Amino acid sequence: MTVRVVLGTQWGDEGKGKAIDVFAEEYDFVARYNGGNNAGHTIVNEYGTFKIHLVPSGVFNPKITAIIGGGVVMDPSVLVKEIEELQAAGIKLDGRFFISPRSHLIMPYHRELDGLYEAAKGAGATGTTKRGIGPVFADKVSYNGIRWNDFADLSVLDERLSVQMDMKNKIMVALGGEAMDYDQVRDEYLGYYEKVKPFIKEVFPMVRGGLDAGKNFLLEQANGSLLDTDWGTYPFVTASTTLVSAATAGLGVPPREIDSVIGIAKAYTTRVGGGPLPTEIFDDEYAISVLSEIAATTGRTRRAGWFDSEVTRFAAQVNGVTQIFLTKLDILSAFDEIKICTGYELDGKEVHYYDIDAYQLGRVKPVLKTVPGWKSDITGVRDYADLPQAAKYYVDVVEELLEVPVGWVSLGPEREALVER
Ligand code: GDP
Ligand code: IMO
Ligand code: MG
């Protein structure tokens, strides 16, 4: 039996979807345990290119059972669309895809409130995905959430939802928004429930039974470690725990059963939305054009910076990362020289990520080491030994700074664009 957690060690979009799709072949179960449809995981394989937000990325292995744990929040409109898209692509979900009835639903008022809060904060906005993530998690922990469970008895749903909509309508109107119609929201969500119902099932017996039977589990994080509510760059974070520990609350897997934690790290750094990005590049148009990406969920442009070993090492430490899966090394082929951040200085003194808050982090000066580039196409390399010397040196430097072995290097979006180390 093996229980492997795959998590991002930066601010999201490290390439978790690709890594999960690669690993899935050897696993019996794949499960999402945190976050919601703020996530966008890209998978490029024989079925095509997918940007999936809720269904676990390992679903493409027909032998795997895919689970969305109770720690995940979901917008049913996104879920239904995703299920239909996957089925249209030939992915069979019946009898092998399950959603915990404990999972909380993003309601239309959560999306609306997300936008109203962001607008009220103006220049200090978080830069959320506007998917309603903050408001739905706030409702979850303040006992105001709506779960799939509530749909099993319509009298329970009506009682709970009507109270919520009375409260939310008052808040939305006070903040300059519009009240929503109860019957319209109720009917819309009952429609989703009918479509999703075949997949809703308590997952604990499946998880516990699988663990007891020695099955292999792949646990998929969303959002990235530096967006964790507690250890991320608060208040520029997401609204749930993204760390390895969330797998226990979000899925029911005891911590001691987890035997490997794979940290996905992009060979440089990107961030979508607000908040500090210490290695962000402002003065090099060429580097910005090469490293910027388009976000999988919102279509926004991802901000770009050099590899930041200070935050990534912290993420590795706080999660107990056992091996690094380094992605997008091929993108760095465009440079004569590459910079790597080895630490920070604040007002002339050395500081660590955990010593300072997000506002101080916004003022640090990254200490940058320059290493030679390799300036050749490495996307077709399939044997680590065949990488150019400078590319191998880059991986060595990353590994030394992170103090964790690099086990895989990804050289393109496709499943096979990978070398094992
Ligand atoms: P996730 O949220 O962590 O799953 O990452 P995203 O899918 O949001 O963003 C990662 C992007 O990088 C996607 O467009 C992937 O297809 C792409 N990608 C992943 N690994 C590699 C790689 O090694 N090289 C290149 N060029 N692209 C990659
Ligand atoms: P994946 O799983 C990148 C960011 C948002 C914003 C902040 C709060 O694809 O790596 P939220 O909507 O969660 O309230 O927004 O968190 N964010 C992500 N950035 N990748 C993600 O997921 C993200 N999930 C949330 O951009 O800055
Ligand atoms: Mg993403």
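The values are calculated or read from the model by the stated rules, or taken from the named source; none is laboratory data. As the structure is a computational prediction, the values presented were derived from the model and not from experiment. Reconstructed Cβ throughout: ideal geometry from the backbone, glycine too, with neighbour counts over all protein chains shown.
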Looking only at residues that are within 12 Å of ligand 1 (Cβ to nearest atom) and not in a loop (DSSP other than H, G, I, E, B) in segment 277-302, which one is surrounded by the fewest Cβ atoms within 10 Å (Cβ to Cβ)? 294
Residue pairs within 7 Å by beta carbon, gap of at least six or interchain, first lying in segment 1-24 and under 14 Å from residue 56 (Cα atoms) and outside any loop (DSSP other than H, G, I, E, B), second among the charged types (D, E, K, R) and within 8 Å of ligand 2 (Cβ to nearest atom), listed first then second, are 6/16
Evaluate segment 333-346: report whether one residue or more is at pLDDT 95 or above, hydrophobic (A, V, I, L, M, F, W, C), outside any strand (DSSP E or B) and under 29 Å from residue 392 (Cα atoms). yes
Among the residues of segment 4-16, is any among the aromatic types (Phe, Trp, Tyr), surrounded by 22 or more Cβ atoms within 10 Å (Cβ to Cβ) and within 16 Å of ligand 3 (Cβ to nearest atom)? yes
Only helices (runs of 4 or more DSSP H) wholly contained in segment 135-253 count here; list those with 3 or more residues that are within 16 Å of ligand 2 (Cβ to nearest atom). 246-251
If you go through 297, 269, the only one that is within 15 Å of the chain's Cα centre (by Cα), closer than 29 Å to residue 104 by Cα and in contact (Cβ under 8 Å) with a residue 12 or more places away in the chain is 297
Give me the pairs: first residue in segment 51-62 and more than 14 Å from ligand 1 (Cβ to nearest atom), second residue aliphatic (A, V, I, L, M) and modelled with pLDDT of 95 or more, beta-carbon distance under 9 Å, and six or more apart or on different chains, which are they? 61/24; 61/30; 62/91
Residue match in segment 371-394 (condition: surrounded by fewer than 19 Cβ atoms within 10 Å (Cβ to Cβ), among the charged types (D, E, K, R) and part of a strand (DSSP E or B)): no
Filter segment 316-370 for residues that are of a type in the set (Asp, Glu) and away from ligand 1 (no atom under 16 Å from the Cβ); the one that is farthest from the chain's Cα centre (by Cα) is 347
Provide a single number: the residues in segment 226-253 that are more than 20 Å from residue 11 (Cβ to Cβ) and free of Cβ contacts under 8 Å to residues at least 24 places away in the same chain. 1
Among the residues of segment 29-52, what is the count of those that are in a loop (DSSP other than H, G, I, E, B), surrounded by fewer than 24 Cβ atoms within 10 Å (Cβ to Cβ) and within 12 Å of ligand 3 (Cβ to nearest atom)? 1
Of these, 132, 124, 177, which one is under 16 Å from residue 74 (Cβ atoms), more than 16 Å from ligand 3 (Cβ to nearest atom) and of a type in the set (Gly, Ala, Ser)? 132
